[in-house]
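Colleague: Below is a structure I'd like to ask you about.
Laboratory data are not the source of any read-out in this text; all were calculated from the coordinates shown. Being a predicted model, the structure only gives us computed values, none of them experimental. Glycine gets a Cβ as well: all are built from the backbone with ideal geometry, and neighbour counts include every protein chain shown.
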Amino acid sequence: MGQGSLARAKKKARRLGAHLIFLDESGFLMAPLLRRSWAPRGATPVIRERARHRQKVSAIAALLVGPRRSRVALRFGLYPDRDIRWPQVLGFVRGLLRQLPGPAILIWDRLNAHRSARRRLEPTGRLHPEFLPPYAPELNPVENLWSYLKMNPMANLPIAELRALHATAHRHARSLQRREGLLRAFIAHSPLSLRLY
């Protein structure tokens, strides 16, 4: 979905009065993403973490843009110690459709789980899936959301238990749901030519 294909999808969304849904997956690990931080002079900051720990919380999120481009919302799902495969993607998309009135255009990358889920979506006429071009993650504004979560509230945050990691990821994602200005910034920061009102 290059710029030409995106323009067609935007025109289609406007013609149908459809929601735009940008969807992507990521994961949160026990080992934190390390960022530069402040410490008293001569006292090197130390972050203690559990070594060789492979537990994670997989996450799926969608940025929803309303038909009039005046509202942006976030929906997410967390899967402790599980990978996200096509059944989870399909369940998440069906849940989104239950919440949204009218048609929707789903914009996602070419992950195998997405291609498998697309084949299993019922042709209801409400959902119009569109793939982003290969190797272009910067076009998906949900990537900006993942970057923000990992580089800001969850950076330098060592967590020793899976339950605590799940609760922390849930708390920070819920907090983002209330910050529409920041959600709009994720879309504005992507190279998409999508105007929000």
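Colleague: Quick one: what does P(r) look like for region 125-189 with 5 Å bins over all Cα pairs, in whole %?
Modeller: So the P(r) values, bin by bin, are 3, 14, 20, 20, 15, 15, 9, 3, 1, 0.
Colleague: For a bin width of 10 Å, list the pair-distance distribution of region 37-188 built from all Cα-Cα distances, rounded to whole %.
Modeller: The calculated distribution, bin by bin, is 9, 34, 35, 16, 5, 2, 0.
Colleague: Then there is this: Counting only residues 5 or more places away or on other chains, whose amide H sits under 5 Å from the amide H of Arg71 once H atoms are built in the peptide plane?
Modeller: For Arg71, the qualifying residues are Gly66.
Colleague: Another question, if that's okay. List Ile21, Ile187 from most exposed to least, where exposure is judged by having the fewest other Cβ atoms within 10 Å. Show your work: numbers first, answer last.
Modeller: Values: Ile21 24, Ile187 21.
The most exposed by this proxy come first: Ile187, Ile21.
Colleague: Scan around Leu127 for amide H atoms under 5 Å from its own, H built in the peptide plane at 1.01 Å from N, and keep only partners 5 or more places away or cross-chain.
Modeller: Ala104
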